[in-house]
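The values are calculated or read from the model by the stated rules, or taken from the named source; none is laboratory data. Note that the coordinates shown come from a computational prediction; the quantities given were computed from them, not determined experimentally. Counting neighbours? That spans all protein chains shown, and the Cβs are built from the backbone with ideal geometry, glycine included.
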C-alpha cells in the first residue's frame with residue numbers, strides 16, 4: 001500500500017502528543033498516511049511554514065488560527081480546525097514573594113480569592129511606579145486570553161495595572177529568575193522548570209479559570225482541507241486513535257518516553273510523565289499535587305471542535321487586540337472550527353458525536369449527559385471561574401457585560 | 001532607510017550586511033543577541049527588519065511590533081500580495097521581513113530579493129563546508145583504522161586499506177563505517193588509542 005504523505009508542524013510541547021503518537025505508534029500508517037513532523041521553536045514559524053506549504057497541517061495555539069484567518073497583523077489567510085489537540089495544560093507561576101502574598105497558605109489557590117488579592121497587589125505596585133509584569137507565550141494564545149480574563153474579572157485592568165509581555169517558553173524560567181517578569185503563564189514543562197529552579201511557585205492552573213478551555217488545535221489551510229476531504233478524515237481518525245491510546249494510564253510511561261526523545265521534546269521523561277498524569281509540583285521541595293483536569297487531551301469528546309469555543313476566543317480577540325466587533329468577523333471566526341468535518345470523519349463508527357455544534361460555554365456545572373447523534377456522551381463541568389456563561393449567539397451582549 | 005538584520009548566526013548576518021552595502025544600503029545594524037533585543041530595536045528604530053525564520057525571538061518580536069502600533073511606527077510582516085511568490089521564496093530561503101507601515105513594496109522587494117539570494121548562498125556554503133568537514137573527518141577515521149590494523153597485524157598500509165575495503169564490500173557498508181566500527185571496538189577492548 002502506498003501511503004499519502006502529510007507533514008505536520010509542531011512546537012516541542014507536551015500537548016503535541018497526539019500527532020507524535022499517531023506517527024510513532026502506527027495510527028497514521030493504519031489510515032494510509034506517512035506522517036512527517038516538522039519541529040520549530042516559534043509559533044510565527046509554524047504559521048509561516050503552514051501558509052507557504054512547508055507543512056500541510058500544524059499543531060497551533062487556537063487563537064492564532066482565528067487571528068490568522070481574520071488577518072490580524074498580516075493579510076487574512078483562512079485556516080480550518082477539524083480537530084482539537086487538547087484543552088488546558090497551562091499554569092500561572094509567580095515569583096516567590098508575590099506567590100507568598102497571594103497564597104500564604106500554600107497549595108493551589110482559589111482563583112476568586114487569589115484574584116482579589118492580586119488586584120490589591122497590582123494596584124499598590126502600579127501606584128508605586130513598579131508595575132507587575134507578566135509573561136505569556138504568545139499574543140494570540142489561550143494563555144494570554146485566559147490570564148487576561150482572570151485578571152479583568154478580578155478587577156485588574158490588564159495593560160494599565162499590570163504589563164503583559166511575550167516570553168518564549170524556554171526562556172520563561174530565566175525571565176522569572178532574573179526579575180525581567182514577575183509571573184508567567186505557560187504550558188508544561190516550563191512551569192516545572194521554574195519551580196525546580198526555585199524561581200517561582202505555581203499558584204493556579206488555567207483549568208481553574210476555564211475548566212474546558214480550548215488550547216491547541218490541528219490547523220489546516222481551508223483550501224487544502226477542502227481539496228482533500230477524504231485524506232483529512234483519515235488524519236482526524238488517526239489522531240483520535242492516538243488520543244484513545246494517550247489517555248490510558250498504563251501507557252503513560254511509554255508516552256512520556258516517546259515524547260522525551262531528541263526528535264520531539266528533547267526533555268525529561270520524568271517531567272513529561274508528571275504533566276500527562278495531571279500531577280503538578282507547585283513549589284520546590286514539595287510533592288506533586290494531582291489536579292485531574294490539568295490537561296485534557298481526549299476524554300469527553302475533547303477533540304470535538306465546538307463552534308462556541310472559537311466564538312469565545314473571538315470575543316477575547318475583540319476585547320484585547322483593539323479589534324472592533326463585527327458580525328462578519330464573528331461568523332468567519334466561528335467557521336474556523338469545523339465540527340462538520342469531525343462528524344464526517346467518524347460517521348458510521350461507534351465514536352460519540354455531540355448532537356449540537358455549539359454549547360452555552362460555562363453552563364455545565366457537573367457531569368451531564370448530552371444529546372449525541374451516535375454513542376453516549378457525558379460532559380464534565382466547563383465552568384468559568386467567575387460562574388459566567390458565554391452564549392456564542394450573543395457575543396456583543398457578552399462583551400458589553402464584561403469589564404474593560 | 002535603516003535596516004536591522006537579526007540573526008543568531010553572526011556570519012550569515014555579516015554576509016547579508018555586506019550585500020546590502022554593495023547595493024548602496026549602508027545604514028544597517030546587525031543584532032545577534034537575544035537579550036535586550038527589543039530595547040535595541042526601540043533605540044535604533046529601523047524601517048526594515050530582516051530576521052531568519054528559525055530565530056527563537058520571532059514570537060517576541062511580532063508581539064513587540066503589534067504593540068508598537070501605539071508608538072509612532074506601526075510595523076508588520078512584509079507579505080507582498082501582488083506577488084505571493086516573492087514571500088514564498090523568502091520563506092523557502094529561511095528569511096522573513098518586517099517593515100514599517102507606508103513603505104512601498106517596490107522599495108522592499110529588492111532588499112528581500114537580495115536577502116533571499118544571500119541566505120541561499122549561505123546555505124550552499126554551509127552545505128559545502130559540512131561536506132568538506134565530513135570528508136576530512138572520514139579521511140582521518142580511515143587513517144586511524146589503518147594504523148590499528150598495521151600495528152595489530154604487522155601489515156603495511158596498502159594491505160590495511162585493502163582489508164578495510166574488502167570488509168566494506170562484504171558487509172555492504174562504506175569504508176568509513178567499517179573504520180568507525182574498528183575504532184569503536186579498539187576503544188572498548190583494545191585499551192589504547
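Scanning the stretch B:34-66 for residues that are more than 13 Å from every other protein chain (Cβ to nearest Cβ), surrounded by fewer than 18 Cβ atoms within 10 Å (Cβ to Cβ) and assigned to a loop (DSSP other than H, G, I, E, B) turns up just one, B:45. The combined condition, being in contact (Cβ under 8 Å) with a residue 12 or more places away in the chain, crowded, with 19+ Cβ neighbours inside 10 Å and within 14 Å of chain B (Cβ to nearest Cβ), is not fulfilled by residue A:21. If you go through the stretch B:67-87 and keep only what is assigned to a helix (DSSP H, G or I), more than 8 Å from chain A (Cβ to nearest Cβ) and at pLDDT 85 or above, you end up with B:85, B:86.
Flag set for residue A:162, criterion: away from chain B (no Cβ under 14 Å), touching a strand residue (DSSP E or B) at 6+ places or on another chain (Cβ under 8 Å) and crowded, with 24+ Cβ neighbours inside 10 Å.
Among the residues of the stretch A:72-85, those identified as within 20 Å of residue A:312 (Cβ to Cβ) and more than 15 Å from the chain's Cα centre (by Cα) are A:72, A:78, A:79, A:80, A:82. When the stretch B:88-134 is limited to residues that are within 12 Å of chain A (Cβ to nearest Cβ) and part of a helix (DSSP H, G or I), the one that is surrounded by the most Cβ atoms within 10 Å (Cβ to Cβ) turns out to be B:90.
Can you tell me which residue within the stretch A:48-64, out of those that are within 11 Å of chain B (Cβ to nearest Cβ) and under 16 Å from the mean Cα position of the chain (by Cα), is farthest from residue A:169 (Cα to Cα)? For the stretch A:48-64, the residue satisfying everything is A:64. The residue that is farthest from the chain's Cα centre (by Cα), among those in the stretch A:24-36 that are surrounded by fewer than 20 Cβ atoms within 10 Å (Cβ to Cβ) and outside any helix (DSSP H, G or I), is A:32. Only residues that are surrounded by fewer than 15 Cβ atoms within 10 Å (Cβ to Cβ) and more than 36 Å from the chain's Cα centre (by Cα) were counted across the stretch B:154-171, and they come to 8. Residue A:78 meets all of the listed conditions (1) closer than 22 Å to residue B:76 by Cα; (2) within 14 Å of chain B (Cβ to nearest Cβ); (3) surrounded by fewer than 22 Cβ atoms within 10 Å (Cβ to Cβ); (4) in contact with a strand residue (DSSP E or B) (Cβ under 9 Å, 6 or more places away or on another chain) but one, namely (2).
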